[in-house]
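For reference, the structure discussed in these notes is given below.
The values are calculated or read from the model by the stated rules, or taken from the named source; none is laboratory data. All of these numbers come straight from a predicted model, not from anything done at the bench. Ideal geometry is used to build each Cβ from the backbone, glycine not excepted, and the neighbour counts take in all protein chains shown. The protein model used for the area step is the full one, side chains on, heavy atoms only, and it has no ligands, DNA or RNA in it. Shrake-Rupley method; radii C 1.70, N 1.55, O 1.52, S 1.80 Å.
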Amino acid sequence: MKNIKKYPFTGFEKLLLAACAGIFAVTTTHAQDARELLYNYEILKPDHARKPKVEGFAKERLGDKLNRGVTAIETAGGVYISWRLLQSDAPDVAFDVYRGVGSKSTKVNKQPVKTTTDFVDKGGKKSDQYWVTPVTGGKSGDPSERTSVTLRQSPDELPYVSVPLQNGVIPGRKRLGIGDLNGDGKFDFVLIQPGMSKDPGARPDSSKVTYKIEAYLSDGTFLWRNDLGDGIEPGVWYSPFIVYDLDGDGKAEVAVKTAPTGIRAADGCVYGGEEWLSIWDGMTGREVAKTNWIPRTERLGNYNRQNRNQMAVAYLDGKTPCLIVERGTYKAMFADAYQFTGGKLTKLWSWDGDEENPIVRSQGAHNILIADVDGDGRDEVILGPSVLDDNGVLLWSSGLGHPDKVFVSDIDPSHPGMEMFFAVEALHDKDGLGVSLRDAKTGEQIWDIKQPTVHVGNGMIADIDATRPGLECFASEDSKGHSSMGIRGNNNKYLLDAKGELYKREDIPPMGDWVWWDAEKIRQYISFNRNTGPTVAKYGAGTIQEGFKGQVMLTGDLFGDWREEIITALPGELRIYSTVIPAKDRRVTLLQDNTYRQTITTHTMGYQQPPVPSYYLGE
């Protein structure tokens, strides 16, 4: 194929050749040759000039208006204070730490704190409040917000911030949205309930259950509850929502898929009727804008598959938070991009995967990732092994088939730019591409597992081995295989280093929730113990923290220094746990890395995975 010469194919010839190459890429060991045919020889290669670059309403980059996120936590050795380092801070910034009550204040550090953004005040009292002041060039800046001390409930319990929820509710399917609803610089919470969820692949559920979305301020103040009605089925693929400040006014909106009521059939399914993208005011829940959702079509496949819907936020012009709406996974795939300003939704582009290139078909994933993979300052939209450029034109597609997990980061620091790790559900019985690494900018294959896989159902990337450079990549196969094709699965597991060397097959970490908790850059995982609840453990070192209560809902750098919080849920309560292990270094809050932030944004839908930053974070 590499010897095929370019010539002016007719439209029909391009379509036929591209379709053949798409099949060739998925079903043979010459997938890379097929991609070269498609892209290098310009057969159905997208004409990026036909779609102009997005120019949104923002004059400068908009984002979370973060305060210092100061935390003060009671420990046996005093009060542990932690705070954010921000992108806007000078490189040589240091901090002074203050405590006080009312107008009285005392500086508790002798010298400005330079190497970390935490401090232990051995003389602190439970009644004190704490705040910090940046110091640059010997001059003090504006003081941060004040915070009260988070107390231990008992000597045997870890301290936590409690957010009460009404009516004993517990958020459904770990779907928790965070955003600043009232503009005070603190994260508030939006959740969906009840906890049941029907999967499109399962039998219809004829129950009368409807989903409710409700919002709370950071202190537990209840704001509103909206019933989505019977036009939205109770399942993660029917009810996407996002919490984000879309218009740049400092207060987050809620974007949600809505539909009219009275259209659910007797078997519990919704087979037709209008569907909308609605924008709700974050403080009141009132609908402020609405437009049509991507419509149903036979090209999406049958009912059980066609109703998979997702959303994301991407900075398509590098400044404006644009809302991405996506529909389709296993057959046709569609996406629309919008901006929201002045109370109105304006469509920026639409994308039809089938029209652009047949190799995109069936390439959908269980989530959407956002990253600037080509380094032009504008975000790309990652739909499984297909990447849309910022102007809504296909950048590349690998033809790997549907992946169960996709991660994008600087996995191998010795390789330029970012890489993408794939754990692919689709059968790869010959080419070894079921577990593989690719260049995020070009899609070029870097390495694969070099052995057949049937159904890789899970995966993760993390630095768990300081003796090997880069992030480790691990995956496991699903024993169910592909029952529709009569293909049995297996329980194979794989642990590879950043260069693709397979060095363990059995003893690999779990692939659920992960967290940076202790003072090291090696990441830890969260496991569940029936007797003690969730525990934090380090691969090869065992448990390093226990005492958590509830179901883990989310891990993320919500406040304090760069290390992550663990949010758990019990009936009627969210609990937010922060580490009190003294830090060894400092870094800008992970929330100001957009790839990390947008993975948290999409935690409200689909099948979640731990957030990772766009840059290398490891030992």
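Just need the Rg to Rh number for region 165-230, please, alpha carbons only, Kirkwood Rh.
1.05
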For the chain, averaging the sequence separation of alpha carbon pairs under 8 Å that lie six or more residues apart and dividing by its residue count, the contact order in percent is 13 percent
Whole-Å distance, taken between Cα centres, linking region 395-461 and region 571-619: 23 Å
To make sure I understand the rule: partners must be lysines, Cα under 27 Å from the Cα of residue 208, and not fewer than 8 residues away in the same chain. Which ones qualify? 174, 198, 257, 290
Once the Cα atoms of helix 11-27 and of the chain are each reduced to a long axis, what angle between those two axes, in degrees from 0 to 90 to the nearest 10, is obtained? 60 degrees
In whole Hz, with x marking every Gly and Pro, tabulate ³J(HN,Hα) for region 310-319 from phi via Karplus 6.51 cos²θ - 1.76 cosθ + 1.60, θ = phi - 60°. 9, 9, 7, 10, 9, 8, 5, 10, x, 10
If each Cα of region 413-521 is one equal point scatterer, what is log10 of I(q)/I(0) from the Debye formula at q = 0.11, 0.12, 0.21 Å⁻¹? -0.36, -0.42, -1.15
List the relative contact order of region 318-448 as a percent without decimals, with contacts defined as Cα pairs under 8 Å and 6+ residues apart. 15 percent
State in Å² the accessible area per residue of region 417-506; use a 1.4 Å probe, count heavy atoms of protein chains only, and round to the nearest integer. 41 Å²
Using the Kirkwood formula over every pair of different C-alpha atoms, what hydrodynamic radius in Å results for region 119-269? 18.8 Å
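Over region 259-399, give the accessible area per residue in Å² for a 1.4 Å probe, as an integer.
Working: 4260 Å² over 141 residues.
On a per-residue basis, region 259-399 sits at 30 Å².
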What span do the alpha-carbon atoms of the chain cover on each of the three principal axes, reported in whole Å from largest to smallest? 80, 58, 52
Beyond 22 Å, what share of the Cα-Cα pairs of region 516-619 remains, rounded to the nearest whole percent? 30 percent
Taking the chain and counting helices only, DSSP H stretches of n ≥ 4 at -39,500 (n - 2.57) each over all residues, the nearest-500 ellipticity at 222 nm comes to -2000 deg cm²/dmol
Mind checking which aspartates and glutamates have their Cα closer than 12 Å to the Cα of residue 186? Skip sequence neighbours fewer than 8 apart in that chain. 64, 145, 219
Could the peptides 325-332, 479-486, 291-298, 370-377 be put in order, highest first, of the mean number of other beta-carbon atoms found within 10 Å of their residues? 325-332, 370-377, 291-298, 479-486
The chain, accessible surface, carbon-and-sulfur percent (1.4 angstrom probe): 50 percent
One finds the C-alpha centres of region 62-133 and region 524-540 to be spaced, in Å, by 29 Å
Cα-based reach from residue 504 at 26 Å (exclusive), listing lysines while leaving out same-chain residues under 8 positions away: 405, 430, 450, 480, 493, 521, 538
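Could you report region 130-206's accessible area per residue, 1.4 Å probe, as an integer in Å²?
With the other protein chains kept in place, region 130-206 gives 46 Å² per residue.
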Between region 245-308 and region 331-388, how far is it from one alpha carbon centroid to the other, in angstrom? 18 Å
